[in-house]
Amino acid sequence: MRKNRNAITVCKATETIFVSKDQQSIYDVLDRSSIFYAKAPQTFILKDIYSVHKAALKCGDTNNIDSCTLMHKYGYKLNFVIGKSSNIKITTYEDYFMYKALYELEKELEKGEINL
């Protein structure tokens, strides 16, 4: 982040990703070797992210998915680092149970109780 002024944590796509124009059929299948999922944390220089949020509010642009989407929209080159796919955001009950299972698995691996 210090070198490039921002750092987005990402994970490589492992699922097939396709585009649909009608919500019913596949229009195109994307090459997942060039697809990454944005994760947390997303790190920015405070002055940069603050100025982009101010500019967006001034324009009434208040429907952005996350900070990296907003920064990209306003012309910033974004840089990323590969993170762990187990780094999940807990938003739903299902996310919590997934986190709990991953946490318990990691503890068992550390203790040598299981081998993968």
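Taking the simple approach of a point 7 Å from Cα along Cα-to-Cβ for both Thr16 and Asp66, what is their distance in nm?
If labels sit at Thr16 and Asp66, their model points lie 2.5 nm apart.
What percentages make up the Cα-Cα pair-distance distribution of the chain when the bins are 10 Å wide from 0?
Per 10 Å bin, starting at 0, the Cα pair percentages come out as 11, 28, 34, 21, 5, 1.
Looking at the chain, send over the antiparallel percent of its DSSP beta bridges, to the nearest 5.
Roughly 75 percent of the beta bridges in the chain run antiparallel, per DSSP.
Tell me, in nm to one decimal, what length is gained between Arg32 and Asn87 on full extension, where the rule is 0.36 nm per residue of separation less the Cα-Cα distance?
17.9 nm
Asn4 to Ile45: extension gain in nm, 0.36 nm per residue of separation minus the Cα-Cα distance?
Extra length available between Asn4 and Ile45 comes to 13.8 nm.
Quick one: compute the contact order of the chain, relative version, from alpha carbon pairs under 8 angstrom and 6+ residues apart, as a percent.
Reported relative contact order: 29 percent.
Values quoted throughout were computed directly from the atomic coordinates according to the rules given, and no laboratory measurement underlies them. What you see is a predicted model; the values in this text were computed from it and never measured. For neighbour counting, all protein chains shown are included, and Cβ atoms are generated from backbone atoms with ideal geometry for every residue, glycine included.
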